[in-house]
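Every number in this text was worked out from the coordinates using simple rules, so none of it is lab data. Predicted model, so just to flag it, every value in this text is computed and none were measured. Please note: Cβ atoms are built from the backbone with ideal geometry, for glycine as well, and neighbour counts cover all protein chains shown.
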Amino acid sequence: MLMSHFAVQTVRPEQTGPLAVQVVRQYAPSRGGLEDVVANLSRELVKRGYRVRVVTLDQVFSARDEVLPASETIEGIEVVRIPFSGSTRYPLAPQVLRHVRDADLIHVHAIDFFFDALAWGRLLHGRPMIATTHGGFFHTRKYAAVKAIWFNTLTRLSARAYHSIVGCSEQDARVFRRIAGKRVREIVNGVDTGKFADAAAASATRSIVTIGRFSVNKRLERLLDAMQALIAREPGWRLHIVGVPGDLSVDDLARLISERGLSGNVYAHIGRSNAEIRTLLGTCSLFASASDYEGFGLVAIEAMSAGLMPLLNPNTAYSDLAARHGEIRLCDFDDPESAATAIAAAFRELEHDTPGYRQRAMIAAASYTWDRVAGRYAEIYRQVLDRPAAAIAVDEAGISVKQRAKT
């Protein structure tokens with residue numbers, strides 16, 4: 001997932017519109033795709049007259065030794081941070097209820113403690129809610145049976161407290177319709193297509209980049225295996241790994257590279273700014289991801305906006321994207337030799353018409369602008385806020401919900 005740079009402001013602008021509280025487990029200064037989505041949506045909502053508050057956790061998961069400020073304003077967005085306990089996979093943070101009671105609408109991002117707690121605490125806060133799935137909790141196959149039971153019981157019940165569940169990919173929409181039916185709306189994630197626009201090398205180079213948090217589902221070891229096979233055929237290939245520690249530490253990544261004898265061909269770039277990433281992209285022609293799970297595949301769209309050719313492992317989200325965009329190439333990273341062959345073939349194709357491909361890729365990426373996506377979210381917000389102010393409603397779960405009359 002591509003990373004964002006956040007500027008801190010000290011003065012919160014005066015606004016009078018509806019208050020939309022975005023609830024998400026990680027936000028700035030944490031970097032990643034989920035953080036990017038919430039930041040971009042929040043900025044667009046402010047442009048449309050909303051007041052926005054982000055409620056998030058007070059630690060970055062990759063730097064648990066530092067407690068972040070309890071509140072600040074970042075790019076015009078009020079950010080409130082609360083303590084938590086337990087696992088980073090399901091962080092327990094009951095203080096969230098203190099910071100949503102004055103909301104006109106609550107928007108929960110991802111399916112985690114916040115999703116469940118705000119559903120079951122609705123009697124206490126009484127606010128209308130929507131949620132965006134962001135891949136649910138199926139990013140790895142670990143504990144698959146337990147996840148399936150949880151999804152079909154607790155998640156199904158919690159989902160009934162939400163006016164709308166937004167699937168941010170075709171895959172998510174399909175999965176969540178099983179438990180929420182017609183209340184599921186599909187809004188494919190927006191992408192900051194200007195951040196790296198037209199940044200890729202103007203001429204084809206044997207240089208690949210991958211960008212994102214060093215998570216288990218990204219399967220960096222499979223990408224390195226493919227590079228090992230590729231370099232055995234043609235030593236001039238390079239791979240740039242850009243990101244921040246996650247499930248894998250910097251030392252873990254260095255070990256994977258060293259074990260394969262790739263130190264002279266593979267380079268790690270840790271915590272780079274967008275400006276630094278953009279400069280690096282100017283030396284690259286291909287983007288690769290061996291991920292076995294993605295909620296949407298935002299990083300692939302960002303890669304196309306730069307003019308890079310994406311080579312993606314055929315997981316469901318990537319396959320859906322490839323079906324819509326002929327500029328994407330699927331590549332089976334479970335077989336290193338096959339992957340190496342696919343990468344070499346993609347390079348030859350790109351080399352044949354680099355300017356033409358770059359133009360087509362950038363045009364395809366342009367359809368994911370945040371202005372368009374935020375407009376669709378704003379329409380759902382309007383539908384929620386215009387609902388009749390019924391004194392008492394009982395949702396499908398049998399939870400009595402007292403809805404405050406509008407003033």
So what's the back-of-envelope 222 nm ellipticity for the chain, counting only DSSP H runs of four-plus at -39500 (n - 2.57) apiece and dividing by all residues, rounded to 500?
-> -10500 deg cm²/dmol
Column: log10 I(q)/I(0), Debye, Cα scatterers of the range 239-398, q = 0.09, 0.12, 0.20 Å⁻¹ = -0.42, -0.66, -1.48
Sorted peptide list for 215-228, 349-362, 328-341, criterion being average Cβ within 10 angstrom, highest first = 215-228, 328-341, 349-362
Within 10 Å, count the other beta carbons around each residue, average over each peptide in 256-265, 202-211, and list them highest first.
-> 202-211, 256-265
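Once the Cβ-Cβ distance between I270 and S85 is put in as r, and R0 is 35 Å, what FRET efficiency do you end up with, to the nearest 0.05?
Efficiency for this residue pair is about 0.80.
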Cα convex hull of the range 168-315, projected area averaged across orientations, nm² | 9.5
Highest average packing first - 234-245, 293-304, 30-41, Cβ atoms within 10 Å | 293-304, 30-41, 234-245
Could you check the simple spin-label distance between T153 and D65, using points 7 Å along Cα→Cβ, in nm with one decimal?
-> 4.0
Roughly how many Å is it from the Cα centre of the range 157-212 to that of the range 292-356, as a whole number?
-> 16
How many nm is it between the label spots at R43 and E234, if each spot is 7 Å from the Cα in line with the beta carbon?
-> 3.7
In degrees, nearest 10, range 0 to 90: what is the angle between the Cα axis of helix 250-259 and the longest Cα principal axis of the chain?
-> 30
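For A144 and A202, what is the calculated FRET efficiency with R₀ set at 45 Å and r taken between the beta-carbons, to the nearest 0.05? Intermediate values should be presented prior to the final figure.
Details: r = 45 Å, r/R0 = 0.99.
Calculated value: 0.50.
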Using only Cα atoms, tell me the angle between helix 370-385 and the longest principal axis of the chain; keep it within 0 to 90° and round to the nearest 10.
-> 20
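As an exercise, find the ratio Rg/Rh for the range 197-269 from alpha-carbon atoms, using the Kirkwood inverse-distance average for Rh.
0.97
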Provide the gained length on full extension for the span R178 to D335, in nm with one decimal, where the gain is 0.36 nm per separating residue minus the Cα-Cα distance.
-> 53.2 nm
